[in-house]
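J.: There's a structure below that I have some questions on.
The values are calculated or read from the model by the stated rules, or taken from the named source; none is laboratory data. Fair warning: this is a prediction, and the values are worked out from it, not measured in the lab. Cβ: placed from backbone, ideal geometry, glycine included. Neighbour counts: every protein chain shown. All accessible areas refer to the heavy atoms of the entire protein, side chains included, with ligands and DNA or RNA removed. Shrake-Rupley method; radii C 1.70, N 1.55, O 1.52, S 1.80 Å.
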Amino acid sequence: QVQLVESGVGLVQPGGSLRLFCAVSGSIFRVYTMVWYRQAPGKQRELVADITSDGSTNYADSVKGRFTISRDNAKNTVYLQMNSLEPEDTAVYYCNADIKPTMSFRSYNYWGQGTQVTVSS
């Protein structure tokens, strides 16, 4: 069974940094685009950043220049380095990926369980 397991729960002060990890486990043939979303209290879930299998990246305007998404294809892991954090970055962060499991004819979209990031003094 394919799962996305996130780590990096944190409480950080404004201006601080935090790194999130999301590892894909299970019997996998290929991992395609990997995405970080976030959802703040009372708000809709929004895309933070995404990265294709060949390393092309895309960022929300609100995080450009502060966040960096990267991936290690050998480890089926995606990272989100968050710098210069602001209170407005407080949210539950979710990992998402399109994955083709072994012995499957197609890919499926998977979500992680979410990890809380709180930026507060």
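J.: What whole-number value in Å² describes the accessible area per residue of the chain for a 1.4 Å probe?
T.: 54 Å²
J.: So what are the radius of gyration and Dmax for the Cα set of segment 77-121, in Å?
T.: 14.9, 49
J.: Here is a follow-up. Where in segment 1-110 are there trypsin sites (Lys or Arg not before Pro) that are in a DSSP coil and have at most 15 other Cβ atoms within 10 angstrom of their Cβ?
T.: Sparse-neighbourhood loop trypsin sites (Lys or Arg not before Pro): K43, R45, K64, R66, K75, R106.
J.: Would you mind computing, in nm to one decimal, how far apart the modelled labels at E46 and T102 are, each placed 7 Å from Cα along Cα→Cβ?
T.: Going from the E46 label point to the T102 one covers 4.0 nm.
J.: Any chance you could get the radius of gyration and Dmax over the Cα atoms of the chain, in Å?
T.: Values for the chain (Cα only, Rg and Dmax): 14.2, 49 Å.
J.: With the crude spin-label approximation of a point 7 Å out along Cα→Cβ, what separation in nm comes out for K75 versus S27?
T.: Going from the K75 label point to the S27 one covers 2.6 nm.
J.: How much of the accessible area of the chain, in percent, comes from carbon and sulfur atoms when a 1.4 Å probe is used?
T.: After summing per-atom areas, the C and S share lands at 48 percent.
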